[in-house]
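Enquirer: Below is a structure I'd like to ask you about.
We did not get these values from a lab; they are worked out from the coordinates using the rules stated. All figures in this text were calculated on a predicted structure; none of them were measured in a lab. Quick reminder, even Gly has a Cβ in these numbers, built from the backbone with ideal geometry, and neighbours come from all protein chains shown.
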Amino acid sequence: MTDTLSASLSESGDTQRTRWKYLDTILNRPGPFTDEEWLPGVMAIEGLSRSKILVIGAGGLGCEILKNLALSGFKDIHVIDMDTIDVSNLNRQFLFRHADVGSYKADVAAKFVEKRVKGVKITPYCGKLQDKDEEYYMQFAMIVCGLDSIEARRWINATLVGMVDEDNPDSMKPLIDGGTEGFKGQARVIFPTMTSCIECQLDMHAPRAAVPLCTLATIPRQPQHCIEWAHIIAWEEERKDITLDNDDPEHITWLYQKALKRAQEFNIPGVTYSMTQGVVKNIIPAIASTNAIVAASCCNEAFKIATNTNPFLGFPGTNNYMMYTGDESVYTYTFEHERKPDCPVCSEGNLARPLQVDPKVTLQEFLDDLAERPEAQLKKPSIRSEAKSLYYQTPVGLEEQTRPNLSKKLSELVEDGEEVAITDPAFPTQFKYKLIFK
Amino acid sequence: MSDLPPPVQGPTAKEKKYDRQLRLWGATGQIALEDSHILLINSGPGVVGLETLKNLVLPGIGNFTIQDSAVVSEADLGVNFFLEEEHLGGYRAEHTCNSLKELNPDVQGHFVTEPVESWLTQPDALKQYTLILVTAPIRPELLTSLSTHASAALIPLFYIHCVGFYSHFSIHLPPAFPIVDTHPDLETTTDLRLLKPWPELLDFATEKTQGLDTLSAEDHGHVPYIALLLYHLEEWKKEHDGQAPQNYKEKTAFRETVSKAARTNSAEGGEENFDEAVAAVLKSLNPPEPSGSVKDIFKAPECVLVKKDSPSFWVIAHAIGLFYTKYGVLPVPGSVPDMKARSADYIQLQNVYKSKARKDMAEVLESIRFLERTADRSTQIEEKHVEAFCKNAAHIKLVRGRPFHVVQAGETISWGDRAKSIAQTLTFPDSLVPLYIAFLAWDQFVATHDKDALGGAPKVPGETDPDTDSEKVTGIASKIMDDLVKEGSASVDEDEDATVKAQLQDFVQELVRAGGAELHNIAALTGGLASQEVIKVITEQYVPVDNTCVFDGVRSRTMVIRV
């Protein structure tokens, strides 16, 4: 088998395969779990080399993903990241050095991996996902995501679901997504419209409940409450004209001192500079080990999808999600997350989800609740009913015109059982709810 | 700004660089990492060991040394990220060491290119290392000598396989590996002692619930839920012969009582503090009984007999054991979850718990000082260590480290006291015990095959003839399995036997398919797992794998087995 392969490859002009000896052993041999119709050898190798793949994020996971894909035989890799390198990235983002602080992550990462792994082409884009359109995303065979933002994940997910055209099988782009927090993480594979999507799984990543404003303002109990007070209330009151910059040490120091003073007034111990930074920047602990595990799991699935060398996660009707916990021994739970029939993004026809509401709450309260609801998490919603516009964030004129509705009760604005459609600039889709009065 | 204290010293350069990890293991964990010197004995394609080291160099271990006598070949460049074209023909140890050093200027890297066989025969070759990583394939006699060293020097030894889509690692820890700082999940482990309140806590509850029914809406809605529960418990006891709710049925009845006591005429239609009280009933009304594993620690021989040179863990454990014998409970940990309450009430409650925790700690400390005198110990244990121990006493862990299997040519593998339990899990659906057995069989093949007749490098299955080697390794694996079933006197019926044998055959075939090749993804993932365990072991924080972990990259699953 190996002999016939090298013969045919040298015919096709590829003399570099000695470098890929280990990878080719797998690509050249069927295994006990490979499909009976799978053809090892040249087809598999060329299919892999031709797969154009997009990596979203060049941070902790992204650095790992780029390295892994380059050493898995992918030749044409694109990477998107809008961030620049910070000194606190260096404990895990191993493609960056101290001298790179301040440069764009995507640029530096692409150059580094291209230099190390000869023959791979990495095309960086230093900007936002949202700058790119469907035509851009259509060029890729699949997309691997290593992000720390739920919004960005939801955006790419909705975009990919929207791109699926039943008459064109190439329009369905597998999305492989990884995420970590401390010693925990997950890797999941999504085949848009065929398997459960990011939006179906949103409630698995519920945001932490916010501390009520009245607690911050009048009855703080925890050091974090004092820091949030300094962050949300004191800054507005005393330094309104200065835009708070989370990366400016003077700003953090100011917040820290304010928080410390408030804590002393209430006899609350425990405010530190590091905690202030953590609360204000919403810092999530991150280490190289967990990133390595989750990124490699994602790339292992990408490799299997591109080569069929073994069954992959996400085949409809099989497992599509691996949950990982590493703080107490090592534990993984691999399962099938099922599609939500009323998913606002991937369900057919985008049917309205029934939502129980108290008719006495105001539109403002309803919208605030929507921002915190695990399955919605909409931060800047605009809402209209079947009959009229209820509230629009933009344009200014419409905002002013609809603003008075915010203080009206729901019962004054909609009928029991009426459908509302909500849009949010963060998502290319609309969310429909059928409001049922409690 | 004038009313603020003078500017503070911001974080140091090091604190900035390591910020995201210091939030996990803190300054003490970081110091432990910086004091370590890790040795990697590398072999095969040599990727998984380096991927492990990468994740240790980044967070800042003190020193590492790579032993590897291989010369960089073209094939390395397609799988190893730390080698590039200009390194071809040079020593792999030297170039990978240099590439890793680039990742963190604070880490010292060293390398050894002498063949492992002769290098290990030098006296004190291993003396300076605080932890050893060794990757397969390796000759069994060498692995045995490393295992002997680990046992004698009481240092951790990791043995790692990474073959195709599969991987495995085993950890040989010292026979007593105690952990105080296990980082339990705070939300699920709060210990409020509601069933064993002390007088000051009861006084607090009485004070805050004085005239509860006549309190204003504002006051009523701010009574801390702990006070509410204690108040209602006292009421309940009056009607139940002085007994608190005993079982699920009584607890739900009690919960109902608390729920009904909430006022519903408020703007929100309920009271948050009562909601919190109701939610806490089932998890907080349990007797504060230490877990079996903690009680086992008190009974351990090292704990029962404290000596002049006992590690401080045992001295403190002994003292806490005495405390438990005397009171039937562990020292109060002293932390209180956040709850709806006025600032001053909450701080007062926090102080009730903190004072009790300090009082309990003082008693433990007194026994420790007595023990130190009677055992004639030269240095006193620092108070902060005693405090940390008391705070987490309910969650301390003791791992009984032991050597892992070293497969010797032609010898039957012995499973000892683990035979029965492992033989039983063999037939569980999704069990990865068969994959572990496939790795043992792979090692048996390596132990009996050489690349040439000169006793040079060992040969791994599937390098040239996967079909023949598969058959051989499957045969070895079946025998290992039969021996295990026999040793564990497990009842495995014919169907189960056939099912597991078929699984074994699949695992072996997939292993042999790789012909000893590493896939970069699997090496990176396994390097992530192994490095995480190294960090836990060095920092003595969190809970390490006890003692073997296998990963199946075909189905993306892991299993931990104690062998």
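Enquirer: Assign unit charges at the C-beta atoms only (+1 for Lys and Arg, -1 for Asp and Glu), then state the dipole size of segment B:341-388 relative to its Cα centre in Debye, rounded to the nearest 20. Walk me through the intermediate numbers first.
Expert: Details: 9 positive and 9 negative charges, 39 e Å.
The calculated dipole for segment B:341-388 is roughly 180 debye.
Enquirer: If packing is taken as the average number of other Cβ atoms within 10 Å across a peptide's residues, how do A:195-208, B:481-494 rank, most packed first? Write out the running numbers ahead of the final one.
Expert: Working: A:195-208: 18.9, B:481-494: 15.8.
Highest-to-lowest ranking by the protection proxy: A:195-208, B:481-494.
Enquirer: Quick one: compute a quarter of the convex hull surface over the Cα atoms of segment B:416-515 and quote it in nm². Show your work: numbers first, answer last.
Expert: Values: hull surface 26.6 nm².
So the mean shadow area of the Cα hull is 6.6 nm².
Enquirer: With +1 on each Lys and Arg Cβ and -1 on each Asp and Glu Cβ, how big is the dipole of chain A about its Cα centre, in debye rounded to the nearest 20? All intermediate terms of the calculation are to be shown ahead of the outcome.
Expert: Numbers: 47 positive and 62 negative charges, 217 e Å.
It comes to approximately 1040 debye.
Enquirer: Taking K and R as +1 and D and E as -1, what net charge do the other residues with C-beta under 9 Å from the C-beta of B:T182 add up to?
Expert: -2
Enquirer: May I pose another question? If I stretch the segment between A:T318 and A:K380 completely, what's the gain in nm (0.36 nm per residue apart, minus their alpha carbon distance), one decimal? Working shown, then result.
Expert: Values: separation 62, 0.36 × 62 = 22.32 nm, distance 3.58 nm.
Contour length minus the Cα-Cα distance gives 18.7 nm.
Enquirer: Rg and Dmax of segment A:103-170 over Cα atoms: what are they, in angstrom?
Expert: Cα radius of gyration and Dmax of segment A:103-170 are 14.2, 43 Å respectively.
Enquirer: Let me ask something else about it. So how much slack lies between B:K237 and B:E268, counting 0.36 nm per residue of separation and subtracting their Cα-Cα distance, in nm? Don't jump to the answer; show the numbers that get you there.
Expert: Numbers: separation 31, 0.36 × 31 = 11.16 nm, distance 3.12 nm.
Here the answer is 8.0 nm.
Enquirer: Counting only residues 5 or more places away or on other chains, whose amide H sits under 5 Å from the amide H of A:K121 once H atoms are built in the peptide plane?
Expert: Residues meeting the criterion, in which the H sits 1.01 Å from N, are A:D76, A:I77.
Enquirer: Relative to the compact globular guide of 2.2 N^0.38 Å, what is the alpha carbon radius of gyration of segment B:280-346, as a ratio?
Expert: On the way: Rg = 16.4 Å, N = 67, 2.2 N^0.38 = 10.9 Å.
For segment B:280-346, the normalised Cα radius of gyration is 1.51.
Enquirer: Another question, if that's okay. Which of rounded, prolate or oblate describes segment B:192-284 when judged by the alpha-carbon gyration tensor and an a/c cut-off of 1.5?
Expert: Working: a/c = 1.85, a/b = 1.32, b/c = 1.41.
The shape class here is oblate.
Enquirer: May I pose another question? Positive end of the charge dipole of segment A:43-96 (Lys, Arg +1 and Asp, Glu -1 on Cβ, about the Cα centre): tell me which of A:V55, A:I45, A:F74 has its Cα farthest that way.
Expert: Value computed over the given set: A:I45.
Enquirer: Using the crude model of +1 on Lys and Arg Cβ and -1 on Asp and Glu Cβ, and no other charge, please compute the dipole size for the protein assembly as shown relative to its Cα centre, in debye to 20. Numbers along the way, then the final one.
Expert: Details: 100 positive and 142 negative charges, 406 e Å.
Result for the protein assembly as shown is approximately 1960 debye, rounded to the nearest 20.
Enquirer: Under the rule a/c < 1.5 gives rounded, and otherwise a/b versus b/c splits prolate from oblate, where does chain B land using the Cα gyration tensor?
Expert: Values: a/c = 2.18, a/b = 1.80, b/c = 1.21.
The shape class here is prolate.
Enquirer: Here is a follow-up. Neighbour counts of other C-beta atoms within 10 Å: give me B:Y542, B:Y324 arranged from fewest to most. Could the numbers behind the result be given before it?
Expert: Details: B:Y542 25, B:Y324 17.
With the fewest neighbours first, B:Y542, B:Y324 line up as B:Y324, B:Y542.
Enquirer: Which whole DSSP H helices in chain A pass both tests: a Cα extent of 30 Å or more along the axis and a mean Kyte-Doolittle value no lower than 0.5? Before the final figure, lay out the partial values.
Expert: Working: long enough: none.
Qualifying helices: none.
Enquirer: Angle check, please: helix B:433-448 long axis (alpha carbons) against the longest principal axis of chain B (alpha carbons), in degrees 0 to 90, nearest 10.
Expert: Here the helix axis deviates by roughly 30 degrees.
Enquirer: Output the 0 to 90 degree angle, nearest 10, between the alpha-carbon long axis of helix B:272-284 and the longest principal axis computed from the alpha carbons of chain B.
Expert: Taking the Cα atoms of chain B, the angle to B:272-284 is about 60 degrees.
Enquirer: Students often forget the sequence filter, so: which aspartates and glutamates lie under 19 Å Cα-Cα from A:K240 once same-chain residues fewer than 8 apart are removed?
Expert: A:E228, A:D248, A:E250, B:D3
Enquirer: Within the set of other residues whose C-beta is less than 14 Å from the C-beta of B:I538, count the net charge using Lys and Arg as +1 and Asp and Glu as -1.
Expert: Working: positive: B:K536; negative: B:E34, B:D35, B:D181, B:E533, B:E540.
Here the charged neighbours net out to -4.
Enquirer: At q = 0.08, 0.09, 0.10 Å⁻¹, what is the base-10 log of I(q)/I(0) for the protein assembly as shown according to the Debye formula with one equal point scatterer per Cα and no solvent? Please give it to two decimals.
Expert: With one equal scatterer per Cα and no solvent, log10 I(q)/I(0) is -0.92, -1.16, -1.39.
Enquirer: Sticking with this structure for a sec: Within 10 Å of each residue's Cβ, count the other Cβ atoms and sort B:M361, A:M163 from fewest upward.
Expert: The order, fewest Cβ neighbours first, is A:M163, B:M361.
Enquirer: Separate question: Would you compute, for the Cα atoms of segment A:352-437, the largest minus smallest coordinate along each principal axis and list the three values in descending order, in whole Å?
Expert: For segment A:352-437, the Cα spread along each principal axis is 31, 26, 21 Å.
Enquirer: Along the charge dipole of chain B, Cβ charges K/R +1 and D/E -1, which of B:V223, B:A300, B:A125 sits furthest on the positive end?
Expert: B:V223
Enquirer: Follow-up question, since we're still on this one. If packing is taken as the average count of other Cβ atoms within 10 Å, what order do A:261-268, B:97-104 fall into, highest mean first? Don't skip to the end; give the middle numbers.
Expert: Working: A:261-268: 16.6, B:97-104: 19.1.
Result, highest mean first: B:97-104, A:261-268.
Enquirer: Under Stokes-Einstein, with the Kirkwood radius over Cα pairs standing in for Rh, what whole-number D in µm²/s applies to segment B:292-399 at 37 °C and 0.692 mPa s? Could the numbers behind the result be given before it?
Expert: Working: Rh = 14.7 Å.
Estimated diffusion coefficient is 223 µm²/s.
Enquirer: Starting from the amide H of A:E418, placed 1.01 Å from N in the peptide plane, find each other amide H under 5 Å away whose residue is 5 or more places distant or on another chain.
Expert: Residues meeting the amide H criterion: A:L435.
Enquirer: Can you tell me how much longer the chain between B:T412 and B:A362 gets when fully stretched, taken as 0.36 nm per residue apart minus their C-alpha distance, in nm with one decimal? All intermediate terms of the calculation are to be shown ahead of the outcome.
Expert: On the way: separation 50, 0.36 × 50 = 18.00 nm, distance 5.39 nm.
So the extension gain works out to 12.6 nm.
Enquirer: By its C-alpha gyration tensor, with a ≥ b ≥ c as the square roots of the eigenvalues, how is segment B:69-156 shaped: rounded for a/c under 1.5, else prolate for a/b larger than b/c, else oblate?
Expert: Details: a/c = 2.30, a/b = 1.58, b/c = 1.45.
In terms of gyration-tensor shape, prolate.
Enquirer: Cross-link list A:K408/A:K438; B:K196/B:K359; A:K281/B:K17; B:K397/B:K420; A:K52/A:K118: which exceed 19 angstrom alpha carbon to alpha carbon? All intermediate terms of the calculation are to be shown ahead of the outcome.
Expert: Working: A:K408/A:K438 17 Å; B:K196/B:K359 16 Å; A:K281/B:K17 16 Å; B:K397/B:K420 24 Å; A:K52/A:K118 17 Å.
Distance filter (> 19 Å) returns B:K397/B:K420.
Enquirer: In addition: Which FRET efficiency value, to the nearest 0.05, is calculated for B:E382 and B:S145 with the Förster distance at 35 angstrom and r the Cβ-Cβ distance? Provide the component values of the computation, followed by the final result.
Expert: Working: r = 38 Å, r/R0 = 1.08.
The value I calculate is 0.40.
Enquirer: Just the ratio, please: alpha-carbon radius of gyration of segment B:428-472 over 2.2 N^0.38 Å, N its number of residues. Spell out each step's value before the answer.
Expert: Numbers: Rg = 12.7 Å, N = 45, 2.2 N^0.38 = 9.3 Å.
My calculation over the Cα atoms of segment B:428-472 gives 1.36.
Enquirer: Give the long-range amide H neighbours of B:D450: residues separated by 5 or more places, or on another chain, with amide H under 5 Å away, using H modelled in the peptide plane at 1.01 Å from N.
Expert: When sequence neighbours closer than 5 places are left aside, the close amide H contacts are B:K459.
Enquirer: How high is the FRET efficiency from B:L88 to A:D35, r the C-beta distance, R0 45 Å, rounded to 0.05? Don't skip to the end; give the middle numbers.
Expert: Working: r = 37 Å, r/R0 = 0.83.
About 0.75, to the nearest 0.05.
Enquirer: Output the peptides B:534-541, B:509-516, A:295-302 sorted from most to least packed, where packing is the average of other Cβ atoms within 10 Å over each peptide's residues. Please list the in-between numbers first.
Expert: Numbers: B:534-541: 23.2, B:509-516: 26.2, A:295-302: 29.9.
Highest mean packing first, the order is A:295-302, B:509-516, B:534-541.
Enquirer: Also, I was wondering about something else. For A:K388 and B:F370, FRET efficiency with R0 = 56 Å and r from the beta-carbon atoms, rounded to 0.05?
Expert: Numbers: r = 80 Å, r/R0 = 1.42.
With a Förster radius of 56 Å, E is 0.10.
Enquirer: Over chain A, consider all pairs of different Cα atoms and compute the Kirkwood hydrodynamic radius from their mean reciprocal separation; express it in Å, one decimal. The partial results should precede the final answer.
Expert: Working: mean 1/r = 0.0408 Å⁻¹.
Final number for the Kirkwood radius of chain A is 24.5 Å.
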